[in-house]
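For reference, the structure discussed in these notes is given below.
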């Protein structure tokens, strides 16, 4: 009787472990994934048209997450191949352009990082400037938030989803959230 109880307990435990492994099989493994958090703080002195000077502070926090998963073809093998998925970038920028201690503007970006081009975001008083590096230019910024797509002239000035058309014929989709003036 004792061996029957041990056998049943072992079978029950094994079945639960197998079901738990099968349910997580198709998802990326967060323990193996690569996550980076980088913050950058800049101070710049700006001179206005009236020859007044003030200090502009910008805090930029960038989080990059590269999800990975094991190759489904290598299931049940000892050494399985790792599949790297596209890197997801989440950026938060805060700007202070007056003499008090609190930040005046804040914005968050989410996009999938390109393998060939790095994007640089600058938050200004009049909107968000986007630049690309590696001799690649941004041809158009298309706002696809509304019912009809429209081209943004110089800077992004509101929340929404935007498509950056680059000179190397690549398109990057950016989601802008929490674009507000802080009080």
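The values are calculated or read from the model by the stated rules, or taken from the named source; none is laboratory data. These numbers come from a predicted model, not from an experiment. Cβ atoms come from the backbone with ideal geometry, glycine included; neighbour counts cover every protein chain shown.
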Conditions (1) under 17 Å from the mean Cα position of the chain (by Cα); (2) surrounded by 11 or more Cβ atoms within 10 Å (Cβ to Cβ); (3) more than 14 Å from residue 105 (Cα to Cα); number of the one not met by residue 179: (3)
Residue among 37, 55, 78, 70 that is farther than 22 Å from residue 175 by Cβ, surrounded by fewer than 16 Cβ atoms within 10 Å (Cβ to Cβ), out of contact with any helix residue (DSSP H, G or I) (no Cβ under 9 Å at 6 or more places or on another chain) and at pLDDT 80 or above: 78
Residue 103 being closer than 27 Å to residue 57 by Cα, over 20 Å from the mean Cα position of the chain (by Cα) and surrounded by 14 or more Cβ atoms within 10 Å (Cβ to Cβ): yes
